[in-house]
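Notes follow once the structure below has been shown.
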Amino acid sequence: MKVLIFGDIHGNRYAMDALLCQAETLQPDKVIFLGDIIGYFYNPKEVIKAMKKIPNLTYIRGNHDQMFLESYENREKREALAKKYGSSYLLDFSNDEIEFLSSSIPFLEMKHEGKELFFCHGTPGDIYNGRYYPDAKEDLPFLKPYDAVFLANTHYRLFRKQGNSLIINPGSLGLPRDGKGFSFIRLNTESMKWTYNNLDFDIHALHKEVENYEDFSENNKAYLLRRVGEYL
């Protein structure tokens, strides 16, 4: 089975549209999104619209998705989150869009071709907020009995062997923090061979959008300009 895996899109409609074209070309058997539509960039509604076009999509909830859903009925909480993570927390969503966000699952266990795989946004021990970085000195707990565990949340690519298990992070499709590019993974579950793939899209258009946007959080705007500026 050919699986396309990505995470941390964070309202980046340019990267999402580019991935949609890739999915149409690659025609994977399954697409797994490791979470975080909400936060940072400004077009989560467009991202949702694009995701609905992807066949065989599994959407695993991220920590920002969870925070947004928990705060949606409370304007004060949404404003507090928007001060940290940008204006997307203040957008009004349709019932269908809220339903899509709410349809996400906390994690995925997959058994295929004799392999046991686990997918979540954080870590097996903290599925929403856990963070496991490439320079972590300690082992990751709760790996058994999985042959591979796929994580997101840090926005860093990661590949590590721990005992008989693999730990893999595809990096961030929308907002990479490791300087390695806007990325996703293609996985063959039979051979357990996988490759990182970088997305090509109009980064100048994304940078200009951030420049012109009246963000609720000036700190978020400055952060995005710095991160996107690394790729200009």
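The values are calculated or read from the model by the stated rules, or taken from the named source; none is laboratory data. What you are looking at is a predicted structure, and each value in this text was computed from that prediction instead of being measured. No Cβ is skipped: glycine too gets one built from the backbone with ideal geometry, and neighbour counts run over all protein chains shown. The protein model used for the area step is the full one, side chains on, heavy atoms only, and it has no ligands, DNA or RNA in it. Shrake-Rupley method; radii C 1.70, N 1.55, O 1.52, S 1.80 Å.
Using θ = phi - 60° and the Karplus form 6.51 cos²θ - 1.76 cosθ + 1.60, what ³J(HN,Hα) does each residue of the range 17-25 get, whole Hz, x for Gly and Pro?
For the range 17-25, the Karplus curve yields 5, 5, 5, 4, 5, 4, 5, 5, 6 Hz.
As a test question: what accessible area, to the nearest 10 Å², does D92 have when a 1.4 Å probe is rolled over all protein chains in place?
For D92, the solvent-accessible surface is approximately 110 Å².
Which ³J(HN,Hα) values, rounded to whole Hz and listed in residue order, are derived for the range 175-191 from phi using the Karplus coefficients 6.51, -1.76 and 1.60 in 6.51 cos²θ - 1.76 cosθ + 1.60 with θ = phi - 60°, glycine and proline given as x?
After applying 6.51 cos²θ - 1.76 cosθ + 1.60, I find 8, x, 10, 9, x, 9, x, 7, 9, 9, 10, 10, 10, 9, 6, 6, 8 Hz.
How many percent of DSSP beta bridges within the chain run antiparallel, rounded to 5? Intermediate results must be reported in sequence, preceding the final value.
On the way: 22 of 36 bridges.
So the antiparallel bridges in the chain amount to around 60 percent.
Convert each backbone phi in the range 201-217 into a coupling constant with the Karplus relation 6.51 cos²θ - 1.76 cosθ + 1.60 (shift: θ = phi - 60°), then list the ³J(HN,Hα) values in order as whole Hz, x for Gly and Pro.
Values per residue, Gly and Pro as x: 8, 7, 5, 5, 5, 5, 4, 5, 4, 5, 4, 8, 7, 8, 6, 4, 10 Hz.
For the range 144-190, I need the span (max minus min coordinate) of the C-alpha atoms along each principal axis, in Å, sorted largest to smallest.
Sorted largest first, the three principal extents are 31, 20, 14 Å.
Determine the sum of side-chain charges near E116: Lys and Arg each +1, Asp and Glu each -1, restricted to other residues whose C-beta is under 11 angstrom from that of E116. Before the final figure, lay out the partial values.
Numbers: positive: K111, K115, K144; negative: E109, E113, D147.
Around E116, the charge tally is 0.
To the nearest 20 Debye, how big is the dipole of the chain about its Cα centre, given +1 on the beta carbon of each Lys and Arg and -1 on that of each Asp and Glu? Working shown, then result.
Working: 29 positive and 33 negative charges, 114 e Å.
Here the size comes out at about 540 debye.
Could you please tell me the mean projected area of the C-alpha convex hull for the chain, averaged over all directions and given in square nanometres to one decimal? Intermediate values should be presented prior to the final figure.
Details: hull surface 47.9 nm².
Across all orientations, the chain yields a mean hull projection of 12.0 nm².
For the range 97-228, give the percent of accessible area contributed by carbon and sulfur heavy atoms, probe 1.4 Å, rounded to a whole number.
Working: 3100 of 6610 Å².
Answer for the range 97-228: carbon and sulfur cover 47 percent of the accessible area.
To the nearest 500 deg cm²/dmol, what mean residue ellipticity at 222 nm is calculated for the chain from DSSP H runs of n ≥ 4 alone, each contributing -39,500 (n - 2.57), summed and divided by the residues?
On the way: 7 runs with 72 residues, N = 232.
Roughly -9000 deg cm²/dmol at 222 nm, from the helical runs in the chain.
According to a simple spin-label model (label point 7 Å from Cα along Cα-to-Cβ), what is the distance in nm between E190 and K2?
With each label placed 7 Å out from Cα toward Cβ, I get 1.2 nm.
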